[in-house]
1. For region 222-314, build the charge dipole from Cβ charges (+1 Lys, Arg; -1 Asp, Glu) around the Cα centre, then report which of Gly250, Gln236, Thr277 sits farthest towards its positive end.
2. Taking the simple approach of a point 7 Å from Cα along Cα-to-Cβ for both Lys22 and Lys56, what is their distance in nm?
3. Using θ = phi - 60° and the Karplus relation 6.51 cos²θ - 1.76 cosθ + 1.60, list the HN-Hα couplings for region 84-100 in order, rounded to whole Hz, with x at every Gly or Pro.
4. What is the count of Lys pairs in region 100-146 whose alpha carbons sit under 28 Å apart, if the two are 8 or more places apart or on different chains?
5. Using the Cα centre of the chain as the reference point, and only Cβ charges (+1 on K/R, -1 on D/E), how large is the resulting charge dipole? Debye, rounded to the nearest 20.
6. Please name whichever of Phe58, Ser88, Pro25 sits farthest to the positive end of the charge dipole of the chain, dipole taken about the Cα centre and charges placed at Cβ: Lys and Arg +1, Asp and Glu -1.
7. Which far-off residues, 5 or more places away or on another chain, put their amide H under 5 Å from the one on Phe58, with H placed in the peptide plane?
8. Taking all protein chains in place and a 1.4 Å probe, what share, in percent, of the accessible surface of the chain do carbon and sulfur account for?
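The values are calculated or read from the model by the stated rules, or taken from the named source; none is laboratory data. In this text, all values refer to a predicted model and were calculated from it rather than measured experimentally. FYI the Cβ positions are ideal-geometry reconstructions off the backbone, even for glycines, and counts take in every protein chain you see. With ligands, DNA and RNA removed, areas are computed over all heavy atoms of the protein, side chains included. Shrake-Rupley method; radii C 1.70, N 1.55, O 1.52, S 1.80 Å.
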Amino acid sequence: MKAVVYNKKGSPDKLIYCEIDKPVPKDSEVLIKVRAVSANAADYRSMKMGIIPARKIFGADIAGSIESTGKNIHQFKPGDEVMGDLASFGFGGFAEYVTAPEKALILKPVKISFEEAASIPMAALTALQALRDKGQIRKGHKVLIVGSSGGVGTFAVQIARYFGATVTAVCSSNNLDQSLSLGADNVLDYTKEDFTKSHLRYDLIVAVNGNHPLSAYKRILTPDGRYVMVGGALLQIFRSLLFGKLMSFGSKKMLSLSAKANQTDLEFIVRLVEEGTIKPVIDRRYKLDKTADAMRYLIEGHARGKVVIVMDSE
Ligand SMILES: NC(=O)c1ccc[n+]([C@@H]2O[C@H](COP(=O)([O-])OP(=O)(O)OC[C@H]3O[C@@H](n4cnc5c(N)ncnc54)[C@H](OP(=O)(O)O)[C@@H]3O)[C@@H](O)[C@H]2O)c1
């Protein structure tokens, strides 16, 4: 099969498109013919940290059809269309075929295309868990989404609206219209104003991107407000992980998210997509042999939604 193999620590230049053996599913795995796979920061951050997946293939968010099943598989059968996040199961999605345990997957509804399905798992579950679990979002909450226009941000705006919040989206000038069209009530251009200096206060801040001091975020929370760090510049991540607990004295909470893939949350999001309440935003599509270009584009940090690799069979 064709695959994009990653051999060494380094940049996307080390992603090599080549021919390798098709994987063989273990008794508790299925073999999936990949139809689409999306790129995530988890891929390039793992590359930078020198993490190499077992089969030397990145790509977590996959959608495809089941080719064959191991003898202990009961949930799926050949021909089923599935989707899931394989980051906790060795990645492997930048390839024509991948194996996965059934707990990593759910059935893909016919109404959702393979490329839409591949764009959902990691980004949408991160947004959901940041808002609902860490953020304890409630109807009527004033929610600030910092970094509203990338993979996670575009889902976060829509999911916050679904929960009945009033959403203020922070992005650059190019993406203000996009955030409004996804349902944001207000938009702020981070290239023109510093939202942390405003008199406005928020019940929940989800920091998807950017880099502001924790004290600045804390200042613009309501008295019982919550800040949830999802990602962004390394400084934002380190500050939140190191000082979040210390800064959580009093009723304001400064929290960090580590999203966990699971079938229940994925099914919940997929229902919202199926009924049209939220829609995946796909910025760019690439062929498998251009995966390195897709990663380079994502690393630039200004994707407008998700970046998806679509197989020739699509
Ligand atoms: N905690 C977790 O469990 C978890 C899970 C998944 C992802 N993450 C992290 O979440 C972050 C976002 O992931 P993603 O998939 O959404 O990435 P992405 O798609 O690459 O995000 C790109 C977006 O970030 C925006 N951006 C860049 N600089 C910004 C700034 N200074 N202020 C506000 N927005 C800015 C860009 O908007 P403009 O072009 O408008 O600047 C662009 O739309 C990454 O750091 C990732 O590692 C964390």
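1. Gly250
2. According to this spin-label approximation, the distance is 2.1 nm.
3. x, 10, 9, 4, 8, 10, x, 6, x, x, 7, 7, 5, 9, 8, 9, 7
4. Lysine pairs meeting both conditions in region 100-146 amount to 4.
5. 1080 debye
6. Of the options given, the answer is Ser88.
7. The list, which skips near neighbours in sequence, is Tyr6, Gly92, Phe94.
8. With neighbouring chains kept in place, the figure for the chain is 52 percent.
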